[in-house]
Amino acid sequence: MFIITCPFCGERDQSEFSAGGEAHIVRPKQPTELSDDEWADFLFMRKNIKGIQFERWNHAHGCRKWFNVVRDTSNDKIYAVYKMGEKPPSN
Amino acid sequence: MSENFRSTETKFLDKTNRISFKYNGKKYYGYKGDTLASALLSNGVHLIGRSFKYHRPRGIMTCGSEEPNAIVQIGGNGPFTEPNVRATEQEIYEGLEASSQNCWPNVKFDVGGINNFISPVIPAGFYYKTFMWPKKLWYSLYEPAIRMSAGLGKSPTQPDPELYDHNYLHCDVLVVGGGISGIIAASISADNGNNTVLIDDKNSLGGSTIFQDDENFKIDDEISSVWLNNQIKNIKNKKNLIIKHRTSLAAYHSYNYLLARENLGDHKSLNERSNKLRQRLWKIRAKKVILATGSIERPLIFNNNDRPGVMLANSVKKYIDYFGVRCGNKNVIFTNNDSAYETAISLNKKGINVTIVDIRNYSSSILVKNAKNAGIKIYWNHTVVDTKGYRRIKSIQIMEMSNDGTNVIGSKINLVCDNLSISGGWTPMVHLFTQSGGKLKFRDSDQVFLPNIAMSDQISIGSCNGNFELDDIIKNTISDCKNFLSSSTTDFDLIKVSCPKQKENKNIWLLPNDKPLGKTKPFLDFQNDSTAKDIKLAMREGFRSIEHVKRYTTTGMGTDQGKLANMHALGIISETAGVKMGSLGTTTFRPPYTPLTFGTIVGRNVGTFFDITRKTPMHAWHENHKAKFENVGQWKRAWFYPKGNENMDQSVQRESKAARESAGILDASTLGKIDIKGTDASEFLNRVYTNAWSKLGIGKCRYGLMLNEDGMVYDDGVTTRLSENHYLMTTTTGGAANVLSKLEDYLQTEWPELDVWLTSVTDHFATASVCGPNSKNILKKLFPNIEFNDETFPHMSFKNAELDGIHCRIMRISFTGEHSYEINIESKYGKSLWEKCMDAGKEFNITPYGTETMHLLRAEKGFIIVGQDTDGTMTPIDLQMDWIVSKKKYDFIGKRSLYRSDTMREDRKQLVGLLTDNPSEILEEGAQIVQDEKKQPIEMLGHVTSSYFSPNLNKSIALAVVKNGKKLKGQKLLVPMKDKTIKVTVSDFIFFDSKNERLNA
């Protein structure tokens, strides 16, 4: 049970949030032009890293806003939190 | 009258408060502050229970939460009964009833004791090896027999009448453990201005130092217990320190989130605790955590080391020094270290006969010198090779050891005793540290695992951090706390400590014996009856990983979770395999540290508070009219309204006939409603639904199908265009919350450029759906100002209206196939709207119908229910709903997936209708469908998704998903049931009014 700093509401308990999987997977603008494999890659393939992962989280029981989190999946340490559309931190 | 073993005065018990309790039906007395164990020992009762597998007599071994043997059933036979309670932790109260477990007919004579004599044929893995064959005996013989002998205590059969609670606690510093190091840490922390919480699982603070009454242990020139007592008085007055007694830390999760169980009632009589909380679960979030959980003494592993009267040495010391109870009249202390000499000296001071057997050949400690000076006989370099006495230890046999410690030499010496106090050194309690994700290191010098790398802001201090001597404990605690809490000075900076130092160490995990291992019973896990030879057997059979050996031998899998056994299991494995102990790792320490009751875990969330119940504004009316309710998610929906003695079938047949023949009314308030506003609302709908929305006129309604990005049907519902940039979307009852969050996700992350705003208005509007040929006439009466003709108010359109001055939205839409209107009104007027509809419909015999009739009516029309006729693997094409999938739109959610090779397959499971050859036979929903019963293996083509007897068609109808179903129309298929096979014909799935004449009637 970790603590997430919502970029809109501040520090809150994990139980207020829901996880949304890997971040920065952009929905293709022209899906019809993709091959089955390319579309499947967007649709199904996720990295599921052990270590530092960029993830989407939703403050589901709060402001309902989506945002990004940089988390080490092996120890739940959170390195950064940033809004949708913002660039991920480089280090 | 049995002998009184309460031999000395003690300041820790309230001797004016004598308490009676019952154990195995017999009345005994103890004092307030006694544990059940200390009270029983004071009455000379050692035999407490029978062991799990061999039913060997077992007694009290310890004085704390690590107790493997003395677990009892308390609270009699009624609802207050509780199994597997540790007698060493349970405080006695007036009227306490306790009894032995796992024995029949009683603990002194137990039939299961036969297992002890057949033990050579029931080794580790006995169950796995024996009950493999013949297969047919499993259900008739093996399983019932195993179930009968399984388990220790008896579960209560009645609901728990006691109250439990959950509460949150936030603090700067949490100190876990109220021993000397925890007290110093809490004191430093509070003085440094931190909001500090100190929790301890006992009823008073002080740990094991509080009964340390020896001139050799001094702090600031006072005996350690005297000094500590003053500190305890001191910290009770500190303003920013909260002390919680009888509070046991159950779990330590990441980010310093901890769960602790506070015991508020277990030590009180049933009268005192009625209507009061029994236990409270604290959910603690601490900025910093200081673990001072201490250590527990290790047993020694030798032949027959499990008899009643064999106890841990430090526990014997606590019983005499704290509770004033002697555990025997003739004591032998068997040790590999100096700490057990403290017990010997304590016993000797009280005039109790004591002898020492030490596996070492020398110790230079002052404690040893004192013991010698007191005239205590010490057998150096000796080990115990056997013990005698069935229900209580009577004597032991000792032998000298060879120099390398692997053998015994010379002749046996017999020592008569009624207590054997054993000490194999100390194990730091690192459970909580590892639960929090911390990594351990192994210290070779005294063979202990110690905290190494912590994953959160915490430190371990005192003996749980491997400091076993008073001066190390105090000095390291002070310096570690100063660093951890960034405090420059403390009250303890000038502290002076003196204590004896342990110098000689000798550790042998499995002590040598004159008999071969196979002829001995050296127990490791006393509760689960696993011995050193079980471990070796598992290794001979090829198990190497500690996790595997644990499960195969069940070592460490009892209610005590192997607090005593695990280190020895590791030690014996590493010795046998010839690997370094530190490289083996440990088994995983999982929460809870000590067992929690279900009551504590669920707290107040029982009965009606188990889950939220959502009721529509019309709920009271439904109740008054005897509706039966169905759970749909958290909603209570009216299921059917039985009249007189009608059963469900009869009600549904009547309701559905009435709806088609004249008028029916349904409470549709539970449907999800999402208010959509913004200049891009139309474009947004275009992207989320499969059909086109741009051209939907203001005041018109349209049915939409929503897919997942994988192309599978996700939700459906009718959306109404209320004005240029304002829509009202309806969703399925169960899908409302998920649809909203899915739409929010797309809006916020994929399409932030769209000007669209979503608001859930499910609870804001109540909806009455009036259907049937007379629905128009009823609406006319209610809304005289509205023109209800097909030109001005056609099917799939909407009008604003007023009912007695209250605004309503009327949608002419239909889920039944009948001419029908849905009237939406602000929730608080819902019941009134419903009653007005009923009044106006009276002359047309308006009939309220429930969800079951709704399901039947829509099935007649072949309308799907998402989640019943679909299961997340159905595309719109599979549902034969190609008509709703726009070919023109460039993109919508899930569109690309409809063109994947798998979704384009022609032989996917597809929605079809099924008609039974015998029209009165009704299929079972979920029944499998096959073509050829004889083919092996039989091929499942699909299953029935919806099935009813249609009163309007006077025959049975069903919807089903069938492989390649579109092409099977007209063909015969089979539905095999348990006792018969039903013949069916694949049909169109619209059974009724396929031309939609009634909708526009």
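The values are calculated or read from the model by the stated rules, or taken from the named source; none is laboratory data. What you see is a predicted model; the values in this text were computed from it and never measured. Here the Cβ positions follow ideal geometry from the backbone for every residue, glycine too, while neighbour counts run over all protein chains shown.
Restricting attention to the range B:236-286 and to residues that are part of a loop (DSSP other than H, G, I, E, B) and of a type in the set (S, T, N, Q), the residue that is farthest from the other protein chains (Cβ to nearest Cβ) turns out to be B:Ser269.
Quick check on this structure: which one of B:Lys842, B:Lys836 is outside any strand (DSSP E or B) and surrounded by fewer than 19 Cβ atoms within 10 Å (Cβ to Cβ)?
Values: B:Lys836 fails: surrounded by fewer than 19 Cβ atoms within 10 Å (Cβ to Cβ).
Of B:Lys842, B:Lys836, the one residue that is outside any strand (DSSP E or B) and surrounded by fewer than 19 Cβ atoms within 10 Å (Cβ to Cβ) is B:Lys842.
Kindly indicate whether A:Lys83 is closer than 30 Å to B:Asp457 by Cβ, loosely packed, with under 15 Cβ neighbours inside 10 Å, out of contact with any Lys or Arg (no Cβ under 6 Å at 6 or more places or on another chain) and touching a residue at least 60 places away in the same chain (Cβ under 8 Å). Here the answer is yes, as A:Lys83 does meet what is asked. Quick one: in the range A:1-14, of everything that is touching an Asp or Glu at 6+ places or on another chain (Cβ under 8 Å) and at the interface with chain B (Cβ under 10 Å from one of its Cβ atoms), which residue is farthest from A:Lys83 (Cα to Cα)? Among those residues, the one meeting the criterion is A:Met1. Within the option set B:Lys233, B:Lys238, being in contact (Cβ under 8 Å) with a residue 12 or more places away in the chain and basic (Lys, Arg) holds for one residue only, B:Lys238.
Within the range B:34-64, the residues that satisfy the criterion of being over 14 Å from B:Arg326 (Cα atoms), part of a loop (DSSP other than H, G, I, E, B) and out of contact with any helix residue (DSSP H, G or I) (no Cβ under 8 Å at 6 or more places or on another chain) are B:Ser51, B:Phe52. When residues in the range B:851-880 are screened for being within 37 Å of the chain's Cα centre (by Cα) and either without any contact (Cβ under 8 Å) to a residue 40 or more places away in the chain or assigned to a loop (DSSP other than H, G, I, E, B) (or both), 10 of them pass.
Could you look through the range A:51-72, keep only residues that are more than 18 Å from A:Ile25 (Cα to Cα) and not in a strand (DSSP E or B), and pick out the one that is farthest from the other protein chains (Cβ to nearest Cβ)? Before the answer, list the steps.
Narrowing the range A:51-72 to residues more than 18 Å from A:Ile25 (Cα to Cα): A:51, A:59-64, A:72.
Imposing the further condition that a residue be not in a strand (DSSP E or B) reduces the set to A:51, A:59-64.
Numbers: A:Gly51: 15, A:His59: 11, A:Ala60: 7, A:His61: 11, A:Gly62: 13, A:Cys63: 11, A:Arg64: 6 Å.
Among those that are more than 18 Å from A:Ile25 (Cα to Cα) and not in a strand (DSSP E or B), it is A:Gly51.
To keep it simple, each residue is scored yes or no on (1) closer than 30 Å to B:Tyr31 by Cβ; (2) touching a helix residue (DSSP H, G or I) at 6+ places or on another chain (Cβ under 9 Å); (3) not in a strand (DSSP E or B).
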| site | (1), (2), (3) |
| --- | --- |
| B:Lys317 | yes, yes, yes |
| B:Phe323 | yes, yes, yes |
| B:Ile333 | yes, yes, no |
| B:Asn337 | no, no, yes |
| B:Asn348 | yes, yes, yes |
| B:Val357 | no, no, no |
| B:Tyr362 | no, yes, yes |
| B:Val368 | no, yes, yes |
| B:Tyr379 | no, no, no |
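Among the conditions (1) β-branched (Val, Ile, Thr); (2) surrounded by fewer than 16 Cβ atoms within 10 Å (Cβ to Cβ); (3) more than 34 Å from the chain's Cα centre (by Cα), B:Val408 misses just one, which is (2). All told, B:Asp891 falls short of being of a type in the set (D, E, K, R), in a loop (DSSP other than H, G, I, E, B) and farther than 23 Å from B:Glu750 by Cβ. Out of B:Ser421, B:Ser411, one residue alone is without any contact (Cβ under 8 Å) to a residue 60 or more places away in the chain, assigned to a strand (DSSP E or B) and more than 14 Å from chain A (Cβ to nearest Cβ). It is B:Ser411.
Only residues that are exposed (fewer than 14 other Cβ atoms within 10 Å of the Cβ), part of a loop (DSSP other than H, G, I, E, B) and at pLDDT 90 or above were counted in the range B:5-33, giving 1. Filtering the range B:755-795 to residues that are in contact with a helix residue (DSSP H, G or I) (Cβ under 7 Å, 6 or more places away or on another chain), more than 13 Å from chain A (Cβ to nearest Cβ) and part of a strand (DSSP E or B) leaves B:Phe765, B:Ala766, B:Ala768, B:Val770, B:Cys771. Hey, any hits in the range B:744-754 for a residue that's within 26 Å of B:Lys615 (Cβ to Cβ) and at the interface with chain A (Cβ under 10 Å from one of its Cβ atoms)? No, the conditions are met nowhere in the range B:744-754.
For the range A:15-43, which positions are free of Cβ contacts under 8 Å to residues at least 24 places away in the same chain, at the interface with chain B (Cβ under 8 Å from one of its Cβ atoms) and not in a loop (DSSP other than H, G, I, E, B)? Within the range A:15-43, A:Pro31, A:Thr32, A:Asp36, A:Trp39, A:Ala40, A:Leu43 meet the criteria.
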